[in-house]
Amino acid sequence: MPGMRVLLLHNRYRMEGGEERAVGEIAALLRRHGHDVRTLERSSEGTRGLTAAAGLIAGGLHPDEVAAAVRELGAEVVHAHNLHPLLGWRALAAARDAGARTVMHLHNFRLFCAIAIGYRDGAPCFRCRGADTRPGLRLRCRGSVPEAAVYALGLHRQQPHLFAEADAFLAVSDATARRLIDLGLPAEKTAALVNFVSDTALAPRSVADQGTFALVSGRLVEEKGFDTAILAARAAMVPLVVAGEGPDAPRLRALAAGGEVRFTGRLAPQELAELRASAAVVLVPSRWEEPCPYAALDALAAGVPVLASAHGGLPELVGPQGVLAAQDADRWTEALRGLWRDPGTRRELGELGLRRARERFSEAGYLERLLEIYRG
């Protein structure tokens, strides 16, 4: 079929993460297959607080720029990712008025949750449901009362408009789609599309039997559960490498003191890939309902077995053989020790993960499903 013309919209976060990667990889995938793709981005980095607040409450700023981009490209589809705070529902409305179909890609719970992750007090939290964002204000989930109030009002006002102006919603796992629908997302407009791994990222075979350490990677924050990984690795006497940076770093370093735990800081993608290739096992002990983390997906593609918590999209991503209770340190210790002592099982599970990545998370399968959604 002839190539499509697609405009990607994204409000970049202050700290780059998986969503920025997803936007870039989708654009590259579409271009490789002959589609005309352009990206319109705004950034929260350096944005003044008053500007961000105005955008969130007003439903976005300068939607005419989106309409102009649609007309200039002749876009058939506008594929939106994060819209808050500078793009908002008005960006989708402008795109539709200019003649484009609108698809909104949900990588987290930001339409309902002021902090996007649906987590507080050590466990998943979904007190804010539908357009009722008062719990987030009452609990001051954004920290200060003024910022919590801006987010509560902004999310409340934008939500019905977003539901109306998006022709389709994409969630990055079945579990996340179910949760979003339970929170109030229109079920008839919602589909799941798990992230993909590029063909070039797939390892030829697993060498996890030769791995010399366990690995955790990502932003160092409480909800990632890296303390569980540190405690389990120390108890199992398995060397652990922690790749990433974040506000939880001082606590995690204190917890690791005296153990065989190495902190690398944030690594460039290629450096992290090289590190991962030498790992015996990757741990993903998230406490929040993580939708589809690249830490797990990249490990599967590298042929490295994954131990992951039974939250969100992780079970459907890694398969039943690697799923553990999120905060059961004894179970994590036992599972990690068992894999560390059995190189043959590590290689076997690594090959199983590779096959899973090829069959379930290929770029060809992803592209086919994405184009189906684009065409409605």
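Every number here is computed from the coordinates shown, using simple stated rules; none is lab data. Nothing here was measured: the structure is a model prediction, and the numbers come from that model. Every residue, glycine among them, receives a Cβ derived from its backbone with ideal geometry; neighbour counts consider all protein chains shown.
Write down the percent of antiparallel bridges among all DSSP beta bridges whose residues are both part of the chain, to the nearest 5. It would help to have the intermediate numbers written out before the result.
Values: 3 of 42 bridges.
If we restrict to bridges inside the chain, about 5 percent are antiparallel.
How far apart, in nm, are two points set 7 Å out from the Cα along the Cα-to-Cβ line at ARG140 and at ALA235?
Each label point is offset 7 Å from its Cα along the Cβ direction, giving 3.5 nm.
What range in the chain is the longest one free of trypsin sites (Lys or Arg not before Pro) that are in a loop by DSSP and have at most 16 other Cβ atoms within 10 angstrom?
The longest such stretch corresponds to 49-126.
Taking 8 Å as the Cα distance limit and 6 or more residues as the minimum spacing, I'd like the relative contact order of segment 199-360 as a percentage.
Relative contact order comes out at 30 percent.
Based on other C-beta atoms within 10 Å, arrange SER309, SER278 from fewest to most.
Working: SER309 27, SER278 16.
Final ranking by Cβ density, sparse to dense: SER278, SER309.
Note down the nm distance, to one decimal, between modelled labels 7 Å out along Cα→Cβ at ALA58 and at LEU255.
4.3
By the scheme Lys and Arg +1, Asp and Glu -1, what is the net charge of all other residues having a beta-carbon under 13 Å from that of ALA192?
+2
Between beta-carbons, use under 15 Å as the cut-off and find the net charge around LEU336, counting Lys and Arg +1, Asp and Glu -1.
Net charge in that neighbourhood comes out at -1.
Give me, ordered by chain and number, the residues 5 or more places off HIS105 or on other chains with an amide H under 5 Å from its own placed amide H.
ALA80, HIS81, LEU170
So what is the orientation-averaged projected area of segment 117-188, using the convex hull of its C-alpha atoms, in nm²?
Averaged projected hull area, Cα only: 5.1 nm².
Can you put ASP36, ASP227 in order of Cβ neighbours within 10 angstrom, beginning with the fewest?
Taking fewest neighbouring Cβ atoms as first place, the list is ASP36, ASP227.
Modelling each spin label as a point 7 Å along the Cα-to-Cβ direction, I'd like the LYS189/ASP330 distance in nm, to one decimal.
4.8
What percent does the relative contact order of segment 153-276 come to when contacts are Cα pairs within less than 8 Å and at least six residues apart?
On the way: 122 pairs, mean separation 22.0, N = 124.
Once divided by the residue count of segment 153-276, the mean separation gives 18 percent.
Let me know the Kirkwood hydrodynamic radius for segment 199-360, please, with Cα pairs as the basis and the value in Å to one decimal.
Hydrodynamic radius (Kirkwood, Cα only) of segment 199-360 equals 15.2 Å.
Could you list VAL304, VAL194 so that the one with the fewest beta carbons within 10 Å of its beta carbon is first and the one with the most is last? If you can, show how the numbers build up before the last one.
Values: VAL304 28, VAL194 20.
Going from least to most buried by this count: VAL194, VAL304.
Select from CYS113, ALA91, ALA69 the residue farthest towards the positive end of the dipole of segment 1-160; place +1 on Cβ of Lys and Arg, -1 on Cβ of Asp and Glu, and compute about the Cα centre.
The residue sitting most towards the positive pole is CYS113.
Between HIS161 and ALA68, what FRET efficiency comes out of the Förster formula 1/(1 + (r/R0)^6) with R0 = 22 Å and r the beta carbon distance, rounded to 0.05?
For R0 = 22 Å, the calculated efficiency reads 0.60.
What fraction of the Cα pairs in segment 1-121, stated in percent, has a spacing above 22 angstrom?
Result: 34 percent of Cα pairs exceed 22 Å.
Positive end of the charge dipole of segment 90-197 (Lys, Arg +1 and Asp, Glu -1 on Cβ, about the Cα centre): tell me which of LEU139, ALA164, LEU185 has its Cα farthest that way.
Comparing the listed Cα positions along the dipole, LEU139 ranks first.
On the first, second and third principal axes, largest extent first, how far apart are the outermost C-alpha atoms of segment 83-141 in Å?
Extents along the principal axes, in whole Å: 44, 20, 19.
Which one, ALA296, ALA256, GLY319, is farthest towards the positive end of the dipole of segment 199-360 when Lys and Arg carry +1 and Asp and Glu -1 on their Cβ?
Of the options given, the answer is ALA256.
Using 0.36 nm per residue, how much length does the chain from ARG375 to GLU45 gain when fully extended, once their Cα-Cα distance is taken away?
Length gained, ARG375 through GLU45: 115.4 nm.
Considering the convex hull of the alpha carbon atoms of the chain, report its projected area averaged over all viewing directions, in nm², one decimal. Could the numbers behind the result be given before it?
Details: hull surface 69.9 nm².
That works out to 17.5 nm², a quarter of the Cα hull's surface.
Calculate the dipole size of segment 199-360 relative to its Cα centre from +1 charges on Lys and Arg beta carbons and -1 charges on Asp and Glu beta carbons; express the result in debye to the nearest 20.
Approximately 240 debye in magnitude.
Under the definition of Cα pairs under 8 Å and six or more residues apart, what whole-number percent is the relative contact order of the chain?
15
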